[in-house]
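The block underneath contains the structure these notes are about, expressed in structure tokens.
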């Protein structure tokens, strides 16, 4: 195994610019790493070897010409969750219904990384259509957690998380609708950021729940996560929900803040996130981490977010409702698979969708259709959107009156065993109780590794900020990780 | 709450999903449990609360009505399951 795959993206950039190694060396090293580990981990659905090596060659030419004026991601290998369309490269969202689908355009976030010179290694495995919390709902087999291969990496961005954890790429993109970046980051000891809703364009992100979805980065260092966010964030005329506010210089802010502590930062600790549902070892580790923040100059404030208990129910009405509408486009007519078992148009739709979708996707489509149907819309969907307003107000109140940042666990447990929760959908849904409220409120949230449990499995600390305060999250995360180092390369051996 | 098989089949029809008898039985149980859980929202008072329509309260983001090129026909036809001289081919409906 080449030692190049242990480097952070920012170390890779330094090495490329100084001529210590070439982009071709770097990409080859990562492709070798994928070859050596993917059969067991199943983190990649597709490795784009030839185009990656071609991009690497172009990156070497750029570096020769432009030196340190080369765009930020020149020659840096990146993996992309298969939920994001990639021009000319198969994109199937880990579903049979899109097998063989070759998008004619790039997702804006992918396009921006490519414009900045990134080398796309391939598409990572995920729960089908981003519906799941363990990566066991993929139509192409589960992903295994590099920390313990009998366990899940989390989901739905399990492939991206396992990829970064195991050194297959320094940075990967994922999507997060109810926790699908933060929860797998927590279970794999990586860093995962869900930006503010609208901070990153959703153009080209296959839609699951359009009022909740966000694209975000995984990395092994806070600086790498900031590097990726820097490039992908910002207004996009193709996404009318993307926010026009200027994108801060995250890397500069991090550099300025380095080593300066967090004096005066008020950290809200919501009691509702530390209830009996949370594993005692997780609770202990997160509390210890919050104490460490106090050691850095933070002021701890006990707060209450009273509607927390209703967030899961709210999400499992709104998410499936929006999904039932978004997934109605998969009808076998314009793209994707078409069933041969039909004698009429109606049968074509039904058999295409039934043959193409997995069980969890069908479950959520059915729930969604039910809660939007005549006679049920007011009691379920409209009610859920009203409770959502209350959840948003809880956070607004806490941030305006009591604290600057909120600290909670990410996941109620560490990585569970493959097959442990698959027979009980509701038990699986509980994996996201700490992350879901953040999506409902559209706020930014980051998971940073903060310790190991007695089985040696990683635990994540979640930091949540007000809308558009990614800088605050990144600065706090950086200070925390400098104070409480975690071996992010433990599985790159 | 237990959903009846008829309700599950009806919702499946609305969703253009063909489900087997076995799937229908399983869905009765799974959906019933989930709907039981989400019914807890009835506990919380939402009198006078506005439903969220956008998480940050944004309103319409309009653009000028200027024509821009879209995909070329070949880009779209090459990925279609069945594309004929005049467009996407589908089973006869009339």
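Rule-based calculations on the coordinates, nothing more; no lab input. Quick caveat, the model's predicted, so the values are computed rather than measured. A quick note on method: Cβ atoms are made from the backbone with ideal geometry, for glycine too, and the neighbour counts reach across all protein chains shown.
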statement: Quick note on B:88, A:357, ordering by fewest other C-beta atoms within 10 Å, gives B:88, A:357
- request: Kindly state, as a whole number, the per residue volume in cubic angstrom of the convex hull around the alpha carbon atoms of the protein assembly as shown.
  value: 159
- request: Would you kindly calculate the translational diffusion coefficient of the range A:388-456, applying Stokes-Einstein with the Kirkwood radius from alpha carbon pairs, for 25 °C and a viscosity of 0.890 mPa s, and quote it in µm² s⁻¹ without decimals?
  value: 172
field: Global geometry of the range A:374-493, whether rounded, prolate or oblate, following the gyration tensor of its Cα atoms and the 1.5 cut on a/c
entry: oblate
query: Measuring from centroid to centroid over Cα atoms, what is the spacing of the range A:133-160 and the range A:409-455 in Å?
result: 13
task: Note down the relative contact order for chain A as a percent, whole number, built from C-alpha pairs under 8 angstrom at least six residues apart.
output: 17
- prompt: Counting DSSP beta bridges in the protein assembly as shown, what percent are antiparallel, to the nearest 5?
  reply: 70
message: No solvent, one uniform scatterer per C-alpha: report log10 I(q)/I(0) for the range A:78-125 via the Debye equation at q = 0.16, 0.24 1/Å, two decimals.
response: -0.38, -0.82
- line: Classified through the alpha carbon gyration tensor (a ≥ b ≥ c as square roots of its eigenvalues; rounded if a/c is under 1.5, else prolate when a/b is larger than b/c, else oblate), the range A:11-64 comes out prolate
message: Run the helix sum for chain A: -39,500 (n - 2.57) per DSSP H stretch of 4+ residues, divided by residue count, reported at 222 nm to the nearest 500 deg cm²/dmol.
response: -12000 deg cm²/dmol
statement: Between residue A:274 and residue A:1, Cβ-based FRET efficiency (R0 51 Å, step 0.05) works out to 0.80
- line: Note: B:5-18 gets an average of partner chain Cβ contacts (10 Å, Cβ to Cβ) equal to 6
field: Rounded, prolate or oblate (a/c below 1.5 giving rounded, otherwise prolate when a/b exceeds b/c) for the range A:110-170 by Cα gyration tensor
entry: oblate
field: Descending semi-axes in Å of the range A:215-315, equivalent ellipsoid built from Cα gyration tensor
entry: 29, 23, 14
The range A:419-493: relative contact order as a whole-number percent, Cα under 8 Å and 6+ apart: 23
- prompt: Short version: what are the Cα gyration tensor semi-axes of the range A:178-257, square root of 5 times each eigenvalue, largest first, in whole Å?
  reply: 21, 18, 8
field: Residue-averaged 222 nm ellipticity for chain B, from DSSP H runs of 4+ at -39500 (n - 2.57), nearest 500
entry: -10500 deg cm²/dmol
field: Viscosity 0.692 mPa s, temperature 37 °C, Stokes-Einstein D of the range A:74-200 from Kirkwood C-alpha radius, µm²/s
entry: 230
statement: For B:49, A:206, A:267, A:448, ascending order of other Cβ atoms within 10 Å (fewest first) is B:49, A:267, A:206, A:448
- request: Write down the Å³ per residue value for the convex hull defined by the alpha carbon atoms of chain B.
  value: 270
message: Show log10 I(q)/I(0) for the range A:25-111 at q = 0.20, 0.23, 0.24, 0.25 Å⁻¹, two decimals, from a solvent-free Debye sum over equal Cα scatterers.
response: -1.06, -1.23, -1.27, -1.30
- request: Using packing as a proxy for protection, rank A:121-134, B:74-87, A:409-422, A:324-337 so that the peptide with the highest average count of other Cβ atoms within 10 Å comes first.
  value: A:121-134, A:409-422, A:324-337, B:74-87
